[in-house]
Amino acid sequence: MQILDISQRLLTEFGGRVPDDIDVLTTFHGVGRKTANLVLAEGYGIPAICVDTHVHRISNRWGYVQTKDPLATEMALRQKLPREYWIEYNPMLVALGQHCCKPTSPICSACSLTQFCKRVGVQRSR
């Protein structure tokens, strides 16, 4: 039902064009900051930081940020991460999180970034 509602709203209010503004995108039912940032970055090439579970977990595990939730992570990364890396940060960390830097028992022995990682919160690893 949400897809139909969003589609109808896009047609009636925006002439069938997906908005390129995070504040407008988040007014759609079911669209949060993660999705809105993904639309901006991947759909429009606009620098935006899409923070999902991988970006939040790994950014904190590295000690790059010290945050409690994805919104705080996004805001901290906006302050710290150079803008030219915003778009590519999510896809890189998603891949790393899916294959190596897993939530429990990360495979640190196979990670090429071990020397830069503070391993915050890591209790055990492989």
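On the stretch given as the stretch 27-61, residues that are closer than 30 Å to S105 by Cβ, surrounded by fewer than 17 Cβ atoms within 10 Å (Cβ to Cβ) and free of Cβ contacts under 8 Å to residues at least 24 places away in the same chain total 2. Within the stretch 117-126, the set of residues being loosely packed, with under 12 Cβ neighbours inside 10 Å and under 21 Å from Q66 (Cα atoms) comprises K118, G121, Q123, R124. Can you tell me which residue in the stretch 99-116 is surrounded by the fewest Cβ atoms within 10 Å (Cβ to Cβ), limited to those that are within 21 Å of K68 (Cα to Cα) and under 19 Å from the mean Cα position of the chain (by Cα)? That would be P103. Looking for something loosely packed, with under 12 Cβ neighbours inside 10 Å, within 15 Å of the chain's Cα centre (by Cα), of a type in the set (K, R) and more than 23 Å from C117 (Cβ to Cβ) - is there at least one such residue anywhere in the stretch 62-85? Yes, there is a match, as at least one residue in the stretch 62-85 is loosely packed, with under 12 Cβ neighbours inside 10 Å, within 15 Å of the chain's Cα centre (by Cα), of a type in the set (K, R) and more than 23 Å from C117 (Cβ to Cβ).
Among the residues of the stretch 4-26, those identified as in contact with a Lys or Arg (Cβ under 9 Å, 6 or more places away or on another chain) and either part of a loop (DSSP other than H, G, I, E, B) or free of Cβ contacts under 8 Å to residues at least 12 places away in the same chain (or both) are L10, T26.
Read the figures in this text as sums done on the coordinates, not as results from a lab. Source: prediction; values computed, not measured. When we count neighbours, we look across all protein chains shown, and the Cβ atoms used for this are built from the backbone with ideal geometry, even at glycine.
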